[in-house]
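Note sheet for the following structure.
The values are calculated or read from the model by the stated rules, or taken from the named source; none is laboratory data. None of these values were measured; they are calculated from a predicted model. Cβ atoms come from the backbone with ideal geometry, glycine included; neighbour counts cover every protein chain shown.
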Amino acid sequence: MVSTRTPVRSPSLREHVPADDDRTVVVPGADGAVVRVDGAARRPIWPWVAGSALALLVVAAAALPGAPPRPTAVVERSVPETPVTIVRDPWSWLTRPVPSSARSLSITLPGGTDLFELIALGSSVEHLTGVGAIADGVRVGQVLGDHAVAVEPSGAIGPPVVLFVTDPLVAGSLMPGQLLTFEGTLAPAPPDFSAMAGPEAAAIAGPSGVYVSAVPATIGLVPPLA
């Protein structure tokens, strides 16, 4: 015959549980044995799982391409480079010592046209105004004023051409007999050229109707021809 009496829990089971200790619970086992369950093991574990997952995500993000570099204790300092400026005089080649046979000894227009030859032949040159003119070894024949001198070819006899210099200090330093190199522009002589450069300059520029306006910085002296 099977007994239906409900087993009575022994009151002594609770005597092993300290009243102020919430970490340990004593419960009866299925076979009547006493089982001790640590209260810490019953605490929820989801905070630990979430923390571990977050740590894995941080490590994975740091390993992805393009992630910002980790800071280091070494501080790199960039030293700015000092720019080096090389200044070259674009007209210095005109005053280099060269044999007289290598110089034009004249004023050359684009295409190799000799300005002195055109004027000597009586050809019209007013249609050429505005073009560049390069003198290489022309001779100063006469000082015409504070801004003008007359130049002539060194290797031949020909009509002079008025050289107008905007800087009076440069023009005042020129003397007859000097050989010059310069770059400038062929310009038409205006009606008031006499007031601009002097009456003698106007008389020389009258027949051809032109003069050469030189860039002061390009004017240089060359050694006497050998």
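Remarks
- Flag if G130 is surrounded by fewer than 22 Cβ atoms within 10 Å (Cβ to Cβ), within 39 Å of the chain's Cα centre (by Cα) and assigned to a loop (DSSP other than H, G, I, E, B): yes
- Counting only residues that are part of a helix (DSSP H, G or I) and among the polar types (S, T, N, Q), the stretch 179-226 holds 2 of them.
- Test: residue in the stretch 189-203 that is over 28 Å from P224 (Cα atoms), free of Cβ contacts under 8 Å to residues at least 40 places away in the same chain, buried (at least 22 other Cβ atoms within 10 Å of the Cβ) and of a type outside the set (F, W, Y): yes
- The residue that is surrounded by the most Cβ atoms within 10 Å (Cβ to Cβ), counting only those in the stretch 105-127 that are small (G, A, S) and in a loop (DSSP other than H, G, I, E, B), is S106.
- Residue list for the stretch 112-128, restricted to those being modelled with pLDDT of 90 or more and of a type in the set (S, T, Y): T113
- Taking the conditions (1) assigned to a loop (DSSP other than H, G, I, E, B); (2) under 41 Å from the mean Cα position of the chain (by Cα) in turn, G137 satisfies each one other than (1).
- Here I157 clears all of (1) within 22 Å of S104 (Cβ to Cβ); (2) in contact (Cβ under 8 Å) with a residue 24 or more places away in the chain; (3) aliphatic (A, V, I, L, M) except the condition numbered (2).
- Filter pass, A156 being within 44 Å of the chain's Cα centre (by Cα) and either farther than 21 Å from G209 by Cα or surrounded by 15 or more Cβ atoms within 10 Å (Cβ to Cβ) (or both): no
- Residues of the stretch 141-176 that turn out to be touching a Pro at 6+ places or on another chain (Cβ under 8 Å) and in a strand (DSSP E or B), as a count: 7
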